[in-house]
Amino acid sequence: MVFWAKPLGRKTFNTTEAFAKESAGLAKNQGLYNLFLVAGLVWSVVAPEPMAHALKIFFLGCVVVAGVYGGLTVNMRIAAIQAVPAAIGLALVLLG
């Protein structure tokens, strides 16, 4: 969201300066969505049980679904970077 049109963001996502400028609004929207997911995961760490457990499952599940969708519709790298770690975290929560 912050670095999308900057050199670091363009390098990370392999985009051109023109594309980054044209799609900045979409990147900000996606960044805000991801910020809400982070807020939910932080909430799950500080919330009392049993609510914390349910929040972890819900928000990690959201990250997995978003990562799989991004992998299928944009680039499989998204699934590897986003969905796989979240799926591991979700498995650990469910096994714990």
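The values are calculated or read from the model by the stated rules, or taken from the named source; none is laboratory data. A quick note: this is a predicted structure, and the numbers were derived from the prediction, not measured. Note: ideal-geometry Cβ built from the backbone for every residue, glycine included; neighbour counts use all protein chains shown.
Quick check on my filter: what residues within region 1-14 are touching a Phe, Trp or Tyr at 6+ places or on another chain (Cβ under 9 Å) and in a helix (DSSP H, G or I)? Answer for region 1-14, where residues must be touching a Phe, Trp or Tyr at 6+ places or on another chain (Cβ under 9 Å) and in a helix (DSSP H, G or I): GLY9, ARG10, THR12, PHE13.
The residue pairs whose first member lies in region 30-57 and is among the aromatic types (Phe, Trp, Tyr), whose second member is in a helix (DSSP H, G or I), and whose beta carbons are closer than 7 Å, counting only pairs six or more residues apart or on different chains, are TRP43/LEU55.
Just a yes or no: is a residue in region 60-68 farther than 18 Å from LEU94 by Cα and modelled with pLDDT of 95 or more?
Looking only at region 60-68, we keep the residues that are farther than 18 Å from LEU94 by Cα, and these are 66-68.
Remaining after also requiring modelled with pLDDT of 95 or more: 68.
There is at least one residue in region 60-68 that is farther than 18 Å from LEU94 by Cα and modelled with pLDDT of 95 or more.
Taking the criterion of being surrounded by fewer than 12 Cβ atoms within 10 Å (Cβ to Cβ) and not charged (D, E, K, R), the residues of region 1-14 that qualify are VAL2, PRO7, LEU8, THR12, ASN14.
Please work out which residue is surrounded by the most Cβ atoms within 10 Å (Cβ to Cβ), limiting yourself to region 15-30 and to residues that are part of a helix (DSSP H, G or I) and of a type in the set (S, T, N, Q). That would be GLN30.
The test for being modelled with pLDDT of 95 or more and aliphatic (A, V, I, L, M) does not hold for ALA79.
The requirement of being loosely packed, with under 12 Cβ neighbours inside 10 Å, in a helix (DSSP H, G or I) and modelled with pLDDT of 95 or more is satisfied by LEU92.
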